[in-house]
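The values are calculated or read from the model by the stated rules, or taken from the named source; none is laboratory data. This is a predicted model, so every value here is computed, not measured. Note that each Cβ is placed from the backbone with ideal geometry, even for glycine, and that neighbours are counted across all protein chains shown.
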Amino acid sequence: MLTDEVASAPPLGTPSWDSVSGSTMASRIISQIKSAIFAGDLQPGQRLGTEKNIADEFGVSRMAARDAIRGLEALGAVDVRVGPKGGVYIGQPNAQKLSDTMAVQFALLGVKPQELIDAQGAIEKASISMAAGSMASGSISPDKIDALRESLAEFYSDMEKATSRVATFVPRVIALHEELVEASGNRVLTNLFKSIRLLLAPIYLRVADNTPEEDVENAIRLVMSSHGDLLDFLAEGNPSSAQQIIGDRLQEIRDALVQMGA
């Protein structure tokens, strides 16, 4: 429960709220505050006031305000602080919480493996286009290419030392895909990929477990080689060929899933 040790007046800049009533008072408070965040009227770290302030602003009981605060806190929309400067504050961005929450919801939604692979392809192809489009020549910036090549070299090294090839390969190759998406500079695409990568790993492992060992090794070598080609195409200003590599690789996984009946 919040204390009222701070001044009772709401902070300047807080949007004016509509009074709420009825059996869904808490949900209506949540809806208004979410809408204010979406509209940019509330900023990360902005103080909303105490539980009492919020109850007074919305014309509800403190119990209804408390329920709303708990709901908003669960969403990450607000933080509750105690002490001399305690109260309810608009939450700070948390990328890890965002990706974890989306991944859980995707899993609960029951998205199919093929849907995830298709989403991966769409995200990566868009990311390649954005990364290349940031340069007038159509090529990705040299510093981004250097970073991606360095990660690929580390990947090669890890695979050479790996005692369990598949167990090493799957998380590392997904990390390479994530870095490719990050090169776009688009935070929406990056966080979408971070969420589905948590669901992609078991899919990749499942495909590997249902594939003959020799074919798995061939696939690993092909991925390692083709990713180098992909980076070469990006450096040359040929994003369409880089996108084709992504499309071909993911189509193979999708075909394997179909054969498995997944």
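A few remarks follow.
- Test: residue in the stretch 101-108 that is under 30 Å from L231 (Cβ atoms) and free of Cβ contacts under 8 Å to residues at least 24 places away in the same chain: no
- Residue within the stretch 81-91 that is assigned to a helix (DSSP H, G or I) and farther than 15 Å from L42 by Cα present: no
- Residue count, the stretch 37-65 (criterion: surrounded by 18 or more Cβ atoms within 10 Å (Cβ to Cβ) and touching a residue at least 12 places away in the same chain (Cβ under 8 Å)): 14
- Of all residues in the stretch 83-104 being surrounded by 13 or more Cβ atoms within 10 Å (Cβ to Cβ) and polar (S, T, N, Q), the one that is farthest from the chain's Cα centre (by Cα): T101
- Any chance I128 is modelled with pLDDT under 90 and within 17 Å of D229 (Cα to Cα): no
- Residue list for the stretch 175-203, restricted to those being under 23 Å from G261 (Cβ atoms) and either among the small types (G, A, S) or crowded, with 19+ Cβ neighbours inside 10 Å (or both): I196, L199, L200, A201, I203
- Residues of the stretch 216-228 classified as surrounded by fewer than 18 Cβ atoms within 10 Å (Cβ to Cβ) and either farther than 17 Å from M159 by Cβ or touching a residue at least 60 places away in the same chain (Cβ under 8 Å) (or both), total: 2
- Selection status of L231, part of a helix (DSSP H, G or I) and in contact with a Leu (Cβ under 6 Å, 6 or more places away or on another chain): yes
- Residue list for the stretch 68-86, filter: touching a Ser or Thr at 6+ places or on another chain (Cβ under 9 Å) and within 30 Å of V188 (Cα to Cα): A68, G71, L75, G76
- Flag if A201 is touching a Pro at 6+ places or on another chain (Cβ under 7 Å), part of a helix (DSSP H, G or I), in the same structural domain as K112 (by TED's automatic domain parsing) and more than 15 Å from I123 (Cβ to Cβ): yes
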